[in-house]
1. List every residue pair whose Cβ atoms sit under 6 Å apart, with the two residues 6 or more apart in sequence or on different chains, where the first one lies in the stretch 230-248 and is crowded, with 24+ Cβ neighbours inside 10 Å and the second, anywhere, is of a type in the set (S, T, N, Q) and at pLDDT 95 or above.
2. Which pairs turn up if I take residues in the stretch 339-360 that are modelled with pLDDT under 90 and look for partners that are part of a helix (DSSP H, G or I) and of a type in the set (S, T, N, Q) with beta carbon separation below 8 Å, at least 6 apart in sequence or on another chain?
3. Just checking, does the stretch 161-171 include any residue being touching a Cys at 6+ places or on another chain (Cβ under 6 Å), crowded, with 22+ Cβ neighbours inside 10 Å and at pLDDT 95 or above?
4. With surrounded by fewer than 15 Cβ atoms within 10 Å (Cβ to Cβ), of a type outside the set (Phe, Trp, Tyr) and out of contact with any Ser or Thr (no Cβ under 8 Å at 6 or more places or on another chain) as the only criterion, which of Gly98, Gly83, Gly42 stands out?
5. Just to verify a result, which residue in the stretch 209-220, among those that are aliphatic (A, V, I, L, M) and more than 17 Å from the chain's Cα centre (by Cα), is surrounded by the fewest Cβ atoms within 10 Å (Cβ to Cβ)?
6. Give all pairs with beta carbons closer than 8 Å in which a residue from the stretch 110-129 that is surrounded by fewer than 13 Cβ atoms within 10 Å (Cβ to Cβ) meets a residue that is modelled with pLDDT under 95 and polar (S, T, N, Q); count only pairs at least 6 apart in sequence or on separate chains.
7. Residues that are more than 28 Å from Asp188 (Cα to Cα), modelled with pLDDT of 95 or more and over 20 Å from the mean Cα position of the chain (by Cα): does the stretch 105-114 have at least one?
8. Residues Val206, Val297, Val266, Val261: which one is among the aliphatic types (A, V, I, L, M), at pLDDT 95 or above, out of contact with any strand residue (DSSP E or B) (no Cβ under 6 Å at 6 or more places or on another chain) and closer than 20 Å to Ile125 by Cα?
Amino acid sequence: MPISLKALLNDVVLKNASDLHIGVGVPPVIRIDGTLRYVEGGGIPTGLDIERALLEVMNMGRLEVFKEEKELDFSFTHTGPDGIEARFRGNCFFEAHGMAAAFRLIPTYIRSVDELNLPLVLKEIVRKRRGLFLVTGPTGHGKSTTLAALIREINMTRFDHIITIEDPIEYVHRSERCLIHQREIGTDTSSFAEGLRRALRQDPDVILIGELRDLETIAAAITAAETGHLVLGTLHTQDAAQSVDRLIDVFPPHQQTQIRVQLGSVLLGICSQQLIPKGETGGRLCATELLIANPAVRNCIREGKGSQIRTLIQTAANIGMHTMEQRLSEFVKNGSLSLDAAMTYAYDPQDLQRILSKNI
């Protein structure tokens, strides 16, 4: 049965879903509050149906590139029947049955740090003139949304030049007090590493890197932070200690001592986050773990004592640091989250149980 991709995208917007999946031989699926649901009356598309659907949001040239390379990341603006625009990030790929695609709804309104209920200390971090700050967590858990909120905060409070390097461009920022240039991989620059190298010649104050995905990009990000820029980026890692190890482990062993020294000098902090379904009430909570690079943390990084970082986070609540378990315990105590849900998403369930039992 032929499918209308535009009609499905309208359904995503109408139902406030986060994602749409289409593929050969299965009905279209949308994700609402983290849960997948089949689209009623969506039909069972064939390979030709999927190809025709993709041509609703891309031209033939881009479709041919997808067929040749077997993968494609892109973004686009969709206009609904009411004339309201919505922005989507798309990823097309081939799987055992043929073409498939996933589409992520990107809100056109960029929410603030306050509206997202993020730690307020993040506002202080983005006032820094130099250094590296990372947002980490699984795919689909709001890292891009958090970065957009941080760029919004800078855009509203500083007079600076912001360059973003993204794959693809998701949130579209308007220059307010800051001058903002957004660059897309494949369209405006060939790679994160290349875009970052070029950015250093474009008089930036703030650089956002969509993903620190390889040695070249990580090395360039650390160099940019060392040379007097505020650098923001993401990693697909679980917690702060794991993120530090990932940054260092991509380098050859003979370089790791030097990288530890450099990272210990430039790191500002790491915010690890998860989006957790609230349950019957609908919606999701953003649970965070926050590491702030104080002298003790910097010393741990330089000396390769990553195992001690978690203890430092646990004992530094006075400067805004907290573990995932400490934040989850707050949600349980104020009734925002059930104990079962909190235990499911805890990095260390035993520690969460300890914190809750101590406060009974």
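1. If the second residue must be of a type in the set (S, T, N, Q) and at pLDDT 95 or above, the pairs left are Ala240/Ser272; Ser243/Thr136.
2. From the stretch 339-360, the pairs are Asn359/Ser329.
3. Step one: of the stretch 161-171, the residues touching a Cys at 6+ places or on another chain (Cβ under 6 Å) are 162.
From what is left, the residues that are crowded, with 22+ Cβ neighbours inside 10 Å are 162.
From the residues that got through so far, the ones that are at pLDDT 95 or above too are 162.
Yes, the stretch 161-171 contains a residue that is touching a Cys at 6+ places or on another chain (Cβ under 6 Å), crowded, with 22+ Cβ neighbours inside 10 Å and at pLDDT 95 or above.
4. Gly83
5. Leu215
6. Sorted first by the residue in the stretch 110-129, then by its partner, the list stays empty.
7. no
8. Val297
The values are calculated or read from the model by the stated rules, or taken from the named source; none is laboratory data. For clarity, every value in this text was computed on a predicted model and none was experimentally measured. Here Cβ is always computed from backbone atoms with ideal geometry, including for glycine, and neighbour counts include all displayed protein chains.
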